[in-house]
Each structure stands twice: as C-alpha cells, then as structure tokens.
Amino acid sequence: MKYALIGCGRISNNHVVAAQNNNLEIVAICDLVKDNMEDKVLKFKLPETVHQYTDYIEMLKTEKPELVSIATESGKHAQIALDCIEYGCNLIIEKPIALSIQDADAIIKKAEEKNVKVCACHQNRFNKSIQKIHEAVEMRRFGKMLYGTAHIRWARDYEYYARAKWRGTWEQDGGALMNQCIHDIDLLRWLMGDEIVEVVGMTDRLKHDYIEAEDLGIALIRFKNGSYGIVEGTTDIYPKNLEETLYLFGEKGTVKAGGEAVNIIEEWNFSDYLDDPQVIKKECSEIPPNVYGFGHTKLYADVIDAIRNDRKPFVDAEAGKRALELVLAIYKSAATGQSVKLPLEECSTMDFVGRF
C-alpha cells in the first residue's frame, strides 16, 4: 500500500516507525522545511525512492498515495485533509482532527462522499491497559457507571513553545486541553458512555504568558447515562511531566490507569472476581519510551485492515470530532461563565482569540 507523510515535525517519527512496522510502501514525505525531511531520511534510513516535496498538492498528484498521514500544525489539518480526500486518499489525521466543529463535519461529509477511510490519531486507545478497560466496559463489569476522572499533569517550558511558533496560538493550536490533554479527554468520553449532556469548565493561563491559550483547564461533565466526569489538565507542573491518569468508578468496579501515558494499570477491582488483579496489572501494563506510547503501530494496522475490508477504522473521524467537541465545550463554558449543552453545532478555537 502506497503511503505518504505530510508534516515532519516532532510527532512524525512515530508515524514513520508505524508505517515501517506495517510494511507500507513509503513513497513520499512532505514538509515546508527541507531539513526536517532530510532528518527523517537519515534517522530512518529511508531509500532514495522516497521522494521529498514542499508542496503536498504536487505530491498527491504525482505519487497518488493510497494512505496519507497528516502531522502538521493542528490548524492546517482540516484543509490538508479535505484536499487529500479530494484526491481519493485514505487518512490518518494527528489529533486534533480539526480546530472547529464546522471543519470536522466537512471532513466527515467529504470522506463519506468519496468513500475513503479517515482515522483520528488517538493512539492511546490501543494501549494494552486501555484495551483491557474497554473490554470491562463492554462486558458491563462496572455495573452502573458513577463517575470518571482524567488528570494530565505535564510540563512544557518556554523552549518547547519557542521551537514552534504555532504552539499555544488560537489559530493553529489551542492550549493545554487541545494539544496535550485531548488524548485522555478522548478516553474519558469514550469509556464513560460517549454521549454528553452538559459541560462546565474553567480555564486560565497561570504561567505561560508568552502563549495565547490556556495552560490550565478544569471541567465537570454530565453524561447522558447519568454518570459524571472530571477533567484536570495542565502544562504547569514543575519540573517535568508527572502523570497522565484515568480513573473509572462504577457501582461494581474501580479502575485506575496511570503512568506517563495511561499505559499502566494501577488499580483493578471488580465485584465479579473474574480475574486476578495482580495478573492483570502485570499483563496489561507497558512502559513506553515517551508519552506517545506504542499505539501508533497498532492504529496503523487497524486502518490498513479497515481499508482492505471496507469498514470503519476503530478510531474514526466521528471519534475525532467528539474529542474536539468536548475540548471546545470546555473552552466555551470557561469563556461565557455558563454551562454548555451538547451537541455543539458551531464552535472554533478562533472564537476565543483575546481570551487571556
């Protein structure tokens, strides 16, 4: 399967590795900065047959890839995605899928019209820990869901933002919730029942006065099934990343996934005693080299299978929209000082320019 990568920045390494691990034919890479592409060629020993482009439209016309991953600045995801779909390409779009509800809807609609598969790159759904928790949810082992919490306590310093001027801007990124915390926000929504009735949020910029968006976000969520959610996300932790932790509390079960990227099961207690908690903790925990985890390779494998068997990817464009919608709902509640009802018909990060 012919594969191309658009965007050769920080996260692109995981995409190249995932493509290689799945034996994709890498035909091209694209970036506005030629040095970024050269770095990929050298680092991953890409052959000369992998062509380099600074114009992705030219790349699409010339190479005709079957699968494209988009790993550019967040604010460019939507337009690039729509162009790729127009050329009949299946897609893996780095999170967030877009920065507005309108753009996410446009991607979903056009993908259906062109009959291509679109995957939102929420790779943590493929963590061993998360897959095991999802299995317990599907088996209804928790009984009635009571509430769940997501805590993303990370650190990002001036150098991180200075290396890429788009970070922390409303036009191209958003803040801690949209960039760093959206993976855990996605997991919380997905595992707690997906359908949300109401969101109450507060956001602030406590430490990073050189960015436009928030470095702290806190939210209360009311789900349609009667359960509740709590989100606490920040990039203010001193001196380094502390944790990304997910709790699920049901009438018959308690689970905690922790570690740097919800990759370790730390608590596993169910009233049905179907399994040994110590065995589950050992078998379903991983220690990845960084916060990106091991999920990209499994996500790519799923998308390839979805294309070949004409089915939806495990993490489809609708899932990407739901994660985006929850972040935007928190932003809207924080900006207006009022609770926000879902679904959101329209909302964009650009609605919050000048917020701080």
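Odds and ends about this structure:
- Convex hull volume of the C-alpha atoms in the stretch 1-87, normalised per residue: 84 Å³.
- Between the stretch 92-123 and the stretch 231-248, the Cα center-to-center distance that results, in Å: 27
- Residue among D236, D204, D276 with the largest mean-square fluctuation in a Gaussian network model of the chain, springs linking Cα atoms under 10 Å: D276
- Largest-first ellipsoid semi-axes for the stretch 69-182, taking √(5λ) over the Cα gyration tensor eigenvalues, angstrom: 27, 23, 12
- Segment Y273-D55, length gained on full extension (0.36 nm per residue, minus Cα span): 72.8 nm
- Rotationally averaged projected area of the stretch 312-356 (alpha carbon convex hull; nm²): 3.7
- Spacing of the two label points (7 Å from each Cα toward its C-beta) at R10 and K281, in nm: 3.2
- Ordering of 307-314, 326-333 by burial proxy (mean other Cβ atoms within 10 Å per residue, highest first): 326-333, 307-314
- In terms of Cα atoms, the Rg and Dmax of the stretch 182-241 work out to 13.4, 40 Å.
- Where GluC sites (Glu not before Pro) in DSSP loops with at most 13 other Cβ within 10 Å are excluded, longest remaining stretch of the chain: 49-194
- Based on every Cα atom in the stretch 59-119, Rg and the maximum pairwise Cα distance Dmax equal 10.5, 31 Å.
- Karplus-based coupling profile of the stretch 95-104, in residue order and whole Hz: 5, x, 4, 6, 10, 8, 4, 4, 5, 4, with θ = phi - 60° in 6.51 cos²θ - 1.76 cosθ + 1.60 and x standing for Gly or Pro.
- Neighbour counts of C-beta atoms inside 10 Å place M37, M192 in the sequence M37, M192, starting with the fewest.
- Within a Gaussian network of the chain (alpha carbon springs, distance under 10 Å), most fluctuating of A317, A155, A164: A164
- Cut-off under 5 Å, modelled amide H: who pairs with I92 long-range: V68, S69, I70, C119
- Extension reserve of the D351-D194 stretch, reckoned as 0.36 nm per residue once the Cα distance is removed: 54.1 nm
- Violating pairs (Cα-Cα greater than 18 angstrom) within the set K76/K114; K40/K61; K109/K341; K2/K61: K76/K114; K40/K61; K109/K341
- Couplings for the stretch 224-234, taken from phi via the Karplus curve 6.51 cos²θ - 1.76 cosθ + 1.60 with θ = phi - 60°, read 4, 7, x, 8, 10, x, 10, 10, 9, x, 7 Hz in order; Gly and Pro are left as x.
- The stretch between Y160 and F44 holds 39.4 nm of extra length on full extension. This uses 0.36 nm per residue minus the Cα-Cα distance.
- The stretch 207-356: C-alpha pair distances exceeding 18 Å, %: 72
- The chain: mean projected area of Cα convex hull, nm²: 17.1
- The 3J(HN,Hα) values that the Karplus relation (6.51, -1.76, 1.60; θ = phi - 60°) gives for the stretch 165-171 are, in residue order, 4, 6, 5, x, 9, 5, 6 Hz. Gly and Pro appear as x.
- Exposure proxy for D302, D351, D184: other Cβ atoms within 10 Å of each Cβ, ordered fewest to most, give D351, D302, D184.
- For the Cα trace of the stretch 198-274, dividing Rg by the Kirkwood Rh returns an Rg/Rh value of 1.07.
Here, each number is a calculation from the coordinates, and none is a lab measurement. The shown structure was predicted, so the numbers you read here are calculated from the model rather than taken from an experiment. Here the Cβ is made from the backbone with ideal geometry for all residues, glycine too, and neighbour counts use every protein chain on show.
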